[in-house]
Amino acid sequence: MKIYNTLTKKTEEFHSNVPNEVGIYVCGPTVYDYFHIGNARSFIMADIIRRYFEYKAFKVTYVMNLTDIDDKIIKKAQNENLAFREISEKYINAFFSDLEKLKVKKADFYPRPTENIDEIIELIKRLIEKEIAYNVDGNVFYDVSRFPEYGKLSGKKIDELESGSRVEINIQKKNPLDFALWKKAKEGEPFWNSPWGKGRPGWHVECSAMSMKYLNTPIDIHAGGSDLIFPHHENEIAQSEAVIGKNFVNYWMHFGFLNIQNEKMSKSTGNFFTAREILIKYSAEAIRLFFAQTHYAGPLNFSEDVLFGAQKGLEKLTNLIEKVEDQLKLKNHSSIIPEFEFSKYKIDFESAMDDNFNTPQAIAVIFDFIREINKIISENDDNLDFSFYQKIKDFLVPTTGNVLGILVWGNQEATFQESREDELIKLLIKLRLNAKQEKNFVLADKIRDELKNLGVILKDEKDKTTYKKQKLLEI
């Protein structure tokens, strides 16, 4: 298996620290809003990589952090007059809900900074002891000049960064590039006690402390979006290696940007769609296929036309699955067992995935398989032996289902339809709330009554509306 390593700028043979085991750390979201479809690309492609290691019989330890304290979270909490934990919990719950709908497998650990303050403080203390970090009036900074290899991941050089620095001026810093490990609490901000006073951790140090807590160093794989290479992952390397005195991560993997009309999708510019918005119109399988049709490291231009094309392409797979299911139920025993090299497609699929997780090529193998199988089925007019259809299933379930996550087998379609139904109900509840706020009570009552007729009972509570679905009697 070969992986492109951002650190060495080379495609390298993969070797884990422990044979047949792999530790993977993926940078997760800052939970102040619903994650957008660009974030979803990273989460889904990391999920496919994790699934392929499992397919190859690796024991995987998969860790994804949830940044639950941050300037953006504090600002949103202040704007909405809520406690920061209310904001973070709301969007953590939404994050888990949306990941489940996207068929992303649960991580083994979801560490949060607020639950690992002791580990973060200990790491900062060790950096201060080594005189690599310094405290100025309760703010602790990392001294970039003390780490000679700073810039080795991104390829940036300190002198060039300094000369072109647009870092916000902070007179407390020795160097404009120095970054915060601990931030002194401002009036009204959440804080934790530390040797340097009341405050909270900086963003970069959180991932260093938590990744090293849950995974042995050097960590096998550390992954995240390309926008995290600098400064986030660069700073993680500097902090971690300054303390442990050895390599922090063996393989750095980064996912390409998702663009809209060739511009990076970004919340800061308003140029984005949330994952839950897209899930209302398209299945998780179509979204996963859309992402997997482009290599994880390359840029991907988002358009609904392309996503619609993925949905249509998925129909070829779905039609074959329905045919196979029908034939397996019949358990037809026939003398017609055509010669077909199932093993060839398995080898080709694995060769593609072993080559730096080349999902576009892996998908091409799948659709070549579908085309050839459909040709055989058409030529034999439903007179194929049961065992032939079983072999089709035996190939598709591990590859297309377990690895790529684009296979819907059995009653999984019903589960998807139910999740889409729930999203539509929530949309109608939101429209009803807007109507009530505008004192359009006729429309609000009509929405409530029509939902009731469909078996959806609304219950208005103090600060929210809940619903319950009842089974309608068939007449």
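Close amide H pairs (under 5 Å, H built 1.01 Å from N) link residue 21 with 59, residues at least 5 positions away or on another chain. Averaging over all projection directions, the Cα-based convex hull of the chain occupies 28.0 nm² in the image plane. Under the simplified labelling scheme, the residue 354-residue 96 pair shows an inter-label distance of 3.9 nm, with each label point 7 Å from Cα along Cα→Cβ. Here the gap between residue 105 and residue 372, fully extended at 0.36 nm per residue and compared with their Cα-Cα distance, gives a gain of 93.0 nm. Taking the protein heavy atoms of the chain in the context of the full set of protein chains, the accessible area attributed to carbon and sulfur is 49 percent at 1.4 Å. Whole-Hz Karplus values for segment 127-135 come out as 5, 5, 4, 7, 6, 9, 10, 9, 9 Hz, taken residue by residue from phi with 6.51 cos²θ - 1.76 cosθ + 1.60 and θ = phi - 60°; glycine and proline positions read x.
Cross-link partners of residue 173 among lysines, defined as those whose alpha carbon lies under 16 angstrom from its own and excluding same-chain residues fewer than eight positions apart: 183, 184. Could you name the lysines whose alpha carbon sits less than 21 Å from that of residue 464, not counting residues in the same chain fewer than 8 places away? Within the straight-line limit of under 21 Å, residue 464 reaches these lysines: 76, 90, 426, 430, 436, 439, 446, 452.
From helices alone, the chain scores -15000 deg cm²/dmol at 222 nm; the rule is -39500 (n - 2.57) for each run of n ≥ 4 DSSP H residues, then divide by the residue total. Secondary structure note: in segment 176-313, about 45% of the DSSP beta bridges are antiparallel.
Aspartates and glutamates near residue 323 by alpha-carbon distance under 14 Å, same-chain residues fewer than 8 away left out - which ones? Qualifying aspartates and glutamates at Cα under 14 Å: 315, 381, 382, 385. Once you reduce segment 101-144 and segment 212-257 to the center of their Cα atoms, the two points are 13 Å from each other.
Give, in nm to one decimal, the length gained when the segment between residue 457 and residue 331 is fully stretched (0.36 nm per residue of separation minus the Cα-Cα distance).
41.0 nm
What whole-number value in Å² describes the accessible area per residue of segment 181-338 for a 1.4 Å probe?
Computed with neighbouring chains in place, this is 42 Å² per residue.
Sorted largest first, the principal axis extents computed over the alpha-carbon atoms of segment 56-208 equal 47, 46, 31 Å.
The values are calculated or read from the model by the stated rules, or taken from the named source; none is laboratory data. Given the structure is predicted, the values throughout are model-derived calculations rather than measurements. Please note: Cβ atoms are built from the backbone with ideal geometry, for glycine as well, and neighbour counts cover all protein chains shown. For accessibility, only protein heavy atoms count, side chains too; no ligands or nucleic acids. Shrake-Rupley method; radii C 1.70, N 1.55, O 1.52, S 1.80 Å.
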